[in-house]
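Novice: First the structure, then my questions, so here it is.
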Amino acid sequence: MGSLLNVDYNDELTRLRVHEIVKYFQRLGVPIKLSKISNDIIADSFYVHYRTPILKDGPDKQEESLWHVFIKTYTSSDVYHEISKISRYNYQVSKSASVKLLRAYNSLLSRIERGAVEGFEDQKQDFRDLSENQQLRNEISNLLRFYMGNVRNIEKLRKSMTKALGNEVGKETAELLFDIDIDPYRARLAKILESLVEMLSAVKEEVDQGDVQERRGVISGVTRIRTYSDLQKATNLSKAIYLQSRELFGYKLATKSLSIYDLALDTRDRVYLLVDKSGSMFYSLYDGVAMDMTQKITWATALAIAVMKKSKRTVLRFFDQMVYPPITNVKDIIRSLLRVLPLGGTDITAAVHTAVRDAKQQSLHNYKLVIITDGEDDMIHPEVLKMAKTAFREVKAVLVGGTNSVIESYLPTIKVNTASPESLKTVLKNI
């Protein structure tokens, strides 16, 4: 049996999760010695992350001693302490952590076979002897740091993303960042998200205000009375109650249960966003207020999220050399930002052409098209910009830290030279 007291290794759900992890390894094509790693070990690797583990004092069998020392060393480490903050009762993170842990253990087995672990004589050594083998424990610790990675700030970032954009986005952020194996790339993306949260916090008031206006004489629905002045908007039913029963009318008026016509009409824009995600957008732009550098993609994504939260309906497509699938919610923006690697070139013509096609096929003619890019594309076809102006209600471009003569000649253009919250507020008001 395995090394955990609080796992039923014969349970159907446990066996199912073991099967899913094995299939996941096979799908990834990761070479691993499954013949030397039992199903109970695979179950341990998952549940040590998914639940608060209760370890046995020692292994049930002598041949399980190495795994028991391995799992005991892991659960005592700072690496495990950080990972457990985001993996507890999170299936996706626990599965990813299980795969990484098994890869570390598989590497240990390979190194032992090659005789690369000093002081290790036999995998079936007594558990106590293995526990006291400092060279073995050092080897395990090094492998854990290499395969599990540096995840120290993921939980902090999850909390800040949750506060800014909701629990689902925070959870998704933690899962995606943990899934990235390359520490420098993970740290780079984490920095982008930290700056993104700061940007969105700075424009929260502008986003929350919305843009709802009242057009008198235009009925948009029926609601309950709020003030006595609302009586002039009484529905035919309320008028009938007044004529038939003054007592009932008085009661419904006092309890604010009379129905009135609602004349408020939501006039928030419908917006179609094209956001450049090419390699040049990951260059930095100076923020004069913060006296710091901010990546252009961070500012552009903050603008896109702010527009999405403020507008009634929004469609977003990222693009670089290719155009990515449409996005209609904030969680998918974060997922796309973390998963779609920036490519070198930019094809603005293809992006606008896709937007025009969408407008025709999905009847988006009352949408406003906003193109957010640094303009680093020398091959824009003016004809496609003209087509966009006929396909959409309005078309605007936002040039982030760059210029483009074709765009500026054919479209109303807002130029952004500093990646600051103030420039974000200004653009948000003018698109």
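The values are calculated or read from the model by the stated rules, or taken from the named source; none is laboratory data. Computed from a predicted model, the values in this text were never measured in an experiment. No Cβ is skipped: glycine too gets one built from the backbone with ideal geometry, and neighbour counts run over all protein chains shown. What goes into the accessible areas is simple: the full protein's heavy atoms, side chains included, and nothing from ligands, DNA or RNA. Shrake-Rupley method; radii C 1.70, N 1.55, O 1.52, S 1.80 Å.
Novice: Only bridges whose two residues both fall in the chain count here: according to DSSP, what percent of them are antiparallel, nearest 5?
Specialist: On the way: 15 of 37 bridges.
The antiparallel fraction comes to roughly 40 percent.
Novice: Three principal axis extents, largest first, for the C-alpha atoms of segment 30-157, in Å?
Specialist: 43, 28, 26
Novice: Run through all the Cα pairs of segment 304-365 and give the fraction in each 5 Å bin from 0, expressed as whole percent.
Specialist: 4, 17, 24, 24, 22, 8, 1
Novice: Let me ask another. ³J(HN,Hα) across segment 175-188 via Karplus (A = 6.51, B = -1.76, C = 1.60, θ = phi - 60°), whole Hz, x for Gly/Pro?
Specialist: Taking θ as phi minus 60°, the curve returns 4, 6, 5, 5, 5, 6, 7, 8, 4, x, 5, 4, 5, 5 Hz for segment 175-188.
Novice: Moving to a separate point now. Which of the aspartates and glutamates could a cross-linker bridge to Lys277, judged by Cα under 17 Å and excluding same-chain residues fewer than eight apart?
Specialist: Asp320, Asp332, Asp347, Asp374, Glu376, Asp377, Asp378
Novice: Still on this structure, please answer the following. Which pairs, out of Lys309/Lys396; Lys309/Lys425; Lys72/Lys95; Lys23/Lys331; Lys389/Lys425; Lys36/Lys56, put more than 23 Å between their alpha-carbon atoms?
Specialist: Working: Lys309/Lys396 19 Å; Lys309/Lys425 14 Å; Lys72/Lys95 19 Å; Lys23/Lys331 27 Å; Lys389/Lys425 25 Å; Lys36/Lys56 21 Å.
Checking Cα-Cα distances, Lys23/Lys331; Lys389/Lys425 exceed 23 Å.
Novice: Under the rule of -39500 (n - 2.57) per DSSP H run of 4 or more residues, summed and divided by the residues of the chain, what mean residue ellipticity at 222 nm is obtained, to the nearest 500 deg cm²/dmol? Working shown, then result.
Specialist: Numbers: 19 runs with 228 residues, N = 431.
Computed mean residue ellipticity for the chain: -16500 deg cm²/dmol.
Novice: What's the ranking of 7-16, 354-363 by average number of surrounding C-beta atoms within 10 Å, highest first? Numbers along the way, then the final one.
Specialist: Numbers: 7-16: 12.8, 354-363: 16.5.
The densest-packed peptide leads the list: 354-363, 7-16.
Novice: Pairs of alpha-carbon atoms within less than 8 angstrom and 6+ residues apart define the contacts here; what relative contact order does segment 12-182 have, in percent? Write down the numbers at each step before the final one.
Specialist: On the way: 169 pairs, mean separation 42.0, N = 171.
RCO, segment 12-182: 25 percent.
Novice: Then there is this: Mind jotting down a quarter of the surface of the convex hull over the alpha carbons of segment 268-430, in square nanometres, one decimal? Show your work: numbers first, answer last.
Specialist: Details: hull surface 33.6 nm².
Computed as one quarter of the Cα hull surface, the answer is 8.4 nm².
Novice: When the Kirkwood radius is taken over all Cα pairs of segment 218-264, what Stokes-Einstein diffusion coefficient follows at 4 °C and 1.567 mPa s, in µm²/s?
Specialist: Values: Rh = 10.5 Å.
In µm²/s, the coefficient is 123.
Novice: If you count only protein heavy atoms with a 1.4 Å probe, what accessible area per residue comes out for the chain, rounded to a whole Å²?
Specialist: Numbers: 21360 Å² over 431 residues.
Ligands and nucleic acids excluded, the result is 50 Å² per residue.
Novice: Moving on to the next point. Quick check on segment 351-431: what does the Kirkwood estimate of hydrodynamic radius come out to from the alpha carbon pairs, in Å? Can you show the working numbers first?
Specialist: Numbers: mean 1/r = 0.0760 Å⁻¹.
Evaluated on segment 351-431, it is 13.2 Å.
Novice: Then there's this: For a quick check: with amide H placed at 1.01 Å from N, whose amide H comes under 5 Å from Val271's, ignoring anything fewer than 5 positions away on the same chain?
Specialist: Arg313, Thr314, Val315, Lys368
Novice: For the chain, with only Lys/Arg (+1) and Asp/Glu (-1) charged at the beta-carbon, what is the dipole magnitude about the Cα centre, in debye rounded to 20?
Specialist: Numbers: 62 positive and 54 negative charges, 404 e Å.
Dipole size: approximately 1940 debye.
Novice: Let me ask something else. Hey, could you get me the Stokes-Einstein D for the chain, Kirkwood radius over alpha-carbon pairs, 20 °C and 1.002 mPa s, rounded to whole µm² s⁻¹?
Specialist: Working: Rh = 25.8 Å.
After rounding, the answer is 83 µm²/s.
Novice: Okay, next question. Skipping prolines and chain starts, which residues have an amide H placed within reach, meaning under 5 Å, of the one on Leu285, given they are 5 or more residues away or on another chain?
Specialist: Placed amide hydrogens put Thr294, Gln295, Lys296 under 5 Å from Leu285.
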